[in-house]
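These notes are about the structure you will find just below.
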Amino acid sequence: MSQNLRDQIRHRMNSQGLNAKRLSVEAGLNPTAVRDILDERVQNPTYRTIQALASRLGATAEELMQPLAAQSLPSPPPATSTGDIVPNVRLAPNAPPLDDFARMPRDVPVLGTAQAGDSDAFAIAFGSDPIDFVRRTPALTGVKNVFAIFVRGESMVPWREPGGIVYVHETRVPRPGDHVVAVLHRAEDQDHKFNAILKKLLRRDDSTVELLQYNPPGTEPIKLKASEIERLYRVLEWEEVIGL
């Protein structure tokens, strides 16, 4: 399967004029994810990773795992002045026409940066320069108060892989069952940075917030006093980000 996957990725990258880093980022993965697969540093990528790549490449996950010779892979049609949309991509209502994925504006700020210490904690910076910017999908056109973070650690695999991108909405109220960014307290000696964790919200009341992580399996829920959490932000699921 791995050799088939590498062959499929290379063929489709070349036919669409992509390089490994651009494909990784535009699929919502770690910037080195595709290069790691092609160079065989990652022998068995997760199905979720394959799905993300397939979606960006206009294929299905199953097609990416088939032998290249078993398929007839047409070259993408030339772009027109009105814009050609990749076949499996449905634009959100009122989204502007796009010639290709790369035309999505890269204006969503990345506020989360890896922090030494806790394996999956990170520092989130408010009121200072973003560490990067990621693309605004058609579904997020005109949406304010959205930022992104890079996932750190493996506590939320398979929902999100380390180095992946998470989009966060500042004003949508999280409910039990939502994935959330819990901002805990100000990072030491930093005016604008706060320590934060990415988890699933199980329960919340005036005194307690209960959070869940997926790894290691069987980990007990994390119970925090409400007073320990300065802010609780809801994560946008991929269906919301891409407008399904």
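Couple of notes before you dig in:
- Sub-8 Å Cβ pairs linking a first residue in segment 142-165 that is on the phi < 0 side of the Ramachandran plot to a second residue that is of a type in the set (Asp, Glu) and modelled with pLDDT of 85 or more, at least 6 apart or interchain, are VAL146/GLU170; PHE147/GLU170, ordered by first then second residue.
- Some residue of segment 130-140 being at pLDDT 90 or above, in a strand (DSSP E or B) and not aliphatic (A, V, I, L, M): no
- Selection status of LEU18, open to solvent by less than 30 Å² (accessible area, probe 1.4 Å) and either at pLDDT 85 or above or in contact with a strand residue (DSSP E or B) (Cβ under 6 Å, 6 or more places away or on another chain) (or both): no
- Test: residue in segment 53-69 that is out of contact with any helix residue (DSSP H, G or I) (no Cβ under 6 Å at 6 or more places or on another chain), assigned to a loop (DSSP other than H, G, I, E, B), surrounded by fewer than 15 Cβ atoms within 10 Å (Cβ to Cβ) and at pLDDT below 85: no
- All positions within segment 21-35 that are charged (D, E, K, R) and buried (at least 19 other Cβ atoms within 10 Å of the Cβ): GLU26
- Among residues of segment 208-232 that are over 15 Å from HIS185 (Cβ atoms), those with a beta-carbon under 7 Å from a residue that is assigned to a helix (DSSP H, G or I) and hydrophobic (A, V, I, L, M, F, W, C) at least six positions away or on a different chain give the pairs THR208/ALA226.
- Among the criteria (1) in contact (Cβ under 8 Å) with a residue 60 or more places away in the chain; (2) out of contact with any Lys or Arg (no Cβ under 8 Å at 6 or more places or on another chain); (3) crowded, with 17+ Cβ neighbours inside 10 Å, the one MET13 does not fulfil is (1).
- Unmet criterion (only one of (1) open to solvent by 50 Å² or more (accessible area, probe 1.4 Å); (2) at pLDDT 85 or above; (3) assigned to a loop (DSSP other than H, G, I, E, B)) for VAL143: (1)
- Residue in segment 1-10 that is least open to solvent (accessible area, probe 1.4 Å), counting only those that are free of Cβ contacts under 8 Å to residues at least 60 places away in the same chain and touching a helix residue (DSSP H, G or I) at 6+ places or on another chain (Cβ under 9 Å): ILE9
- Qualifying positions in segment 202-217 - more than 18 Å from ARG152 (Cα to Cα), open to solvent by less than 80 Å² (accessible area, probe 1.4 Å) and assigned to a loop (DSSP other than H, G, I, E, B): ASP205, SER207
- Residues in segment 218-244 that are open to solvent by less than 40 Å² (accessible area, probe 1.4 Å) and of a type in the set (Phe, Trp, Tyr): TYR233 only.
- Residue count, segment 146-183 (criterion: part of a loop (DSSP other than H, G, I, E, B), surrounded by fewer than 22 Cβ atoms within 10 Å (Cβ to Cβ) and hydrophobic (A, V, I, L, M, F, W, C)): 3
- Screening PRO221 on (1) at pLDDT below 90; (2) farther than 29 Å from ILE131 by Cβ shows it passes everything except condition (1).
The values are calculated or read from the model by the stated rules, or taken from the named source; none is laboratory data. Owing to the predicted nature of the structure, the values given are computational and were not obtained by experimental measurement. Because the Cβ atoms are built from the backbone with ideal geometry, glycine has one as well, and the counts that use them run over all protein chains shown. Only protein heavy atoms, including side chains, enter the accessible area calculation; ligands, DNA and RNA are left aside. Shrake-Rupley method; radii C 1.70, N 1.55, O 1.52, S 1.80 Å.
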